[in-house]
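J.: Take a look at this one; I'll ask things after.
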Amino acid sequence: MHIPDGFLDPLVSLSLYVISLAIVIYSGRKYFKEGGSVYYLSVMAAAIFAAQMLNWPIPGGTSAHFVGGAFASIFLGPFGACLAMFMNLVVQCLLMGDGGITALGANAFNMAVVDVFAGYAIYKASLKYLGRKFLAAFLGGWIGITLAAVTCGFELGLSPSFGYPLSITVPVMGIWHLALGVIEGIATGLLVKYLSLRGLIK
């Protein structure tokens with residue numbers, strides 16, 4: 001899901017930089033104001049970094065991979081998860097060449113904002129109405145990554161320089177991640193269930 005340089009139009013890139021940075025800064029302030037731990041933040045960022053190294057190519061030049069936004073939000077809360085995901089994306093971009101510098105704002109919006117906050121909201125709502133932690137975490141992980149991918153598809157489709165219209169980019173990103181998201185959902189559910197049994201997630 002990491003978008004490389006040259007895929008997005010300048011206006012799309014700039015707009016998403018502004019939006020993402022504003023949300024990340026706000027999230028950082030909220031996380032530490034609420035007593036968030038630097039230790040857990042660092043551990044989560046490192047874990048996500050490792051998980052996202054597994055990539056599958058998708059037609060059109062981008063890729064699918066584990067994201068971990070929903071799991072991070074369940075463990076750290078959405079504000080801490082947003083900050084951890086952004087830290088991870090910056091390191092990947094600057095040191096690993098995974099995702100372009102000009103597209104960092106878009107990548108952050110997709111994975112550190114949409115996946116994190118949507119995944120968390122779905123988890124909390126599912127837990128409230130379904131009452132099963134594994135199922136709630138599964139739905140948060142699965143739907144969260146799918147919504148992030150659809151958002152990515154819109155960004156690419158709205159950039160004429162990419163060369164593919166919305167009618168192609170949105171279905172391709174959405175359908176592939178809808179399928180691969182099942183794997184992320186299962187992994188999220190298992191991790192949350194395991195940590196819950198050990199009292200690390202309430």
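J.: With a 1.4 Å probe and all protein chains left in place, how much accessible area per residue does the range 103-202 have, in Å²?
T.: Result: 46 Å² per residue.
J.: Tell me which DSSP H helices of the chain clear both cut-offs, 24 Å or more of axial length from alpha-carbon atoms and a mean Kyte-Doolittle hydropathy of at least 0.5.
T.: TM-like helix candidates: 10-33, 133-157, 166-197.
J.: Suppose R0 equals 25 Å. What FRET efficiency, 1/(1 + (r/R0)^6) with r the Cβ-Cβ distance, do residue 130 and residue 168 give to the nearest 0.05?
T.: Result of the calculation: an efficiency of 0.10.
J.: So what's the projected area for the chain, the Cα convex hull averaged over all directions, in nm²?
T.: Mean projected area of the Cα convex hull: 10.4 nm².
J.: Picking from 186, 108, 18, whose Cα lies most toward the positive end of the charge dipole for the range 10-197 (charges on Cβ: Lys, Arg +1; Asp, Glu -1)?
T.: The listed residue farthest towards the positive side: 186.
J.: Subtract the Cα-Cα distance of residue 40 and residue 21 from 0.36 nm times their separation in residues, and report this length gain in nm to one decimal.
T.: 4.7 nm
J.: Right, another one. How much length is gained if the chain between residue 96 and residue 32 is pulled fully straight, taking 0.36 nm per residue apart and subtracting their Cα-Cα distance, in nm to one decimal?
T.: Gain on stretching residue 96 to residue 32: 20.2 nm.
The values are calculated or read from the model by the stated rules, or taken from the named source; none is laboratory data. The shown structure was predicted, so the numbers you read here are calculated from the model rather than taken from an experiment. As a convention, Cβ positions derive from the backbone with ideal geometry for all residues, glycine included, and neighbour counts pool all protein chains shown. Ligands, DNA and RNA are stripped out before the accessible areas are found, and what is left, the full protein with its side chains, is counted by its heavy atoms. Shrake-Rupley method; radii C 1.70, N 1.55, O 1.52, S 1.80 Å.
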